[in-house]
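What follows draws every value from the coordinates through simple rules; no lab data is involved. A quick note: this is a predicted structure, and the numbers were derived from the prediction, not measured. No Cβ is skipped: glycine too gets one built from the backbone with ideal geometry, and neighbour counts run over all protein chains shown.
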Amino acid sequence: MLSKIAQSIFQHFWSTKLCGSLTGLYFQRAPQEQDSPYGVFYITSMYTEDFLGATATNEKRIHHADVQFTLVSSADDGGAEIGLILNELYEGFDFAKLAMEGHYIVKMERVATTSITYADEIWQAVTNYEIWFVKE
């Protein structure tokens, strides 16, 4: 399931404005010497809930995945670039209709931007999303 979620995020990323602004988007970790700005996403948790009289055999379950995006910029511009790419993340992924084989997306919703920080001449923005999906 993790690979299907990651693949659907990558597939959607290629169609967004954010794709043109980042040097890359990576799952779990970026290369050691990656040029900025870039993004990394993580699937931080997954769980399943039953709904509408679900049983172990009928698979009426809604699946949840919590995804965290970390955007990184080394631009010495007072945070202008990190703000721009953060807005492009919102434009591209808020309520996105991801394509996931064998599933349909109920919703993809931004939960929070938990931090925008500047340390060691690097800007970082961390944003969390929740994806709900159901097996077709």
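Which value, in debye to the nearest 20, gives the size of the charge dipole of the chain about its Cα centre, when Lys and Arg are +1 and Asp and Glu are -1 at the Cβ? Display every interim value, and only then the final one.
Values: 9 positive and 18 negative charges, 129 e Å.
That gives a dipole near 620 debye.
Using the Kirkwood radius over Cα pairs, work out the Stokes-Einstein diffusion coefficient for the chain at 4 °C and 1.567 mPa s, in µm²/s as a whole number. Write out the running numbers ahead of the final one.
Numbers: Rh = 15.7 Å.
For the chosen part, D equals 82 µm²/s.
For THR23 and ASN128, what is the calculated FRET efficiency with R₀ set at 22 Å and r taken between the beta-carbons, to the nearest 0.05? Provide the component values of the computation, followed by the final result.
On the way: r = 23 Å, r/R0 = 1.03.
Efficiency, rounded to the nearest 0.05: 0.45.
Just SER74, SER36, SER15 to compare: in a GNM of the chain, with alpha carbon springs under 10 Å, which one fluctuates most?
Per the Cα network of the chain with a 10 Å cutoff, SER15 tops the list.
Of GLY20, ALA112, TYR129, which is farthest towards the positive pole of the range 2-135's charge dipole, taken about the Cα centre with +1 and -1 on the beta-carbons of Lys, Arg and Asp, Glu respectively?
About the Cα centre, the residue reaching furthest to the positive side is TYR129.
Select from ASP77, ASP120, ASP66 the residue whose mean-square fluctuation is largest in a Gaussian network model of the chain (Cα-Cα springs shorter than 10 Å).
ASP120
Over the range 2-135, what is the mean sequence separation of C-alpha contacts under 8 Å (at least six apart), divided by residue count, expressed as relative contact order in percent?
Over the range 2-135, the number comes to 25 percent.
Place a point 7 Å from the Cα of ASP76 along the Cα-to-Cβ direction; which residues of the range 13-54 have their backbone N under 20 Å from it?
34-38
In the P(r) worked out for the range 64-128, what percent of Cα pairs fall beyond 15 Å?
Value for the range 64-128: 55 percent of Cα pairs lie more than 15 Å apart.
Determine the dipole magnitude for the range 67-112: charges of +1 sit on the beta-carbon of Lys and Arg, -1 on that of Asp and Glu, nothing else is charged, the reference point is the Cα centre, and the result goes in debye to the nearest 20.
Dipole size: approximately 320 debye.
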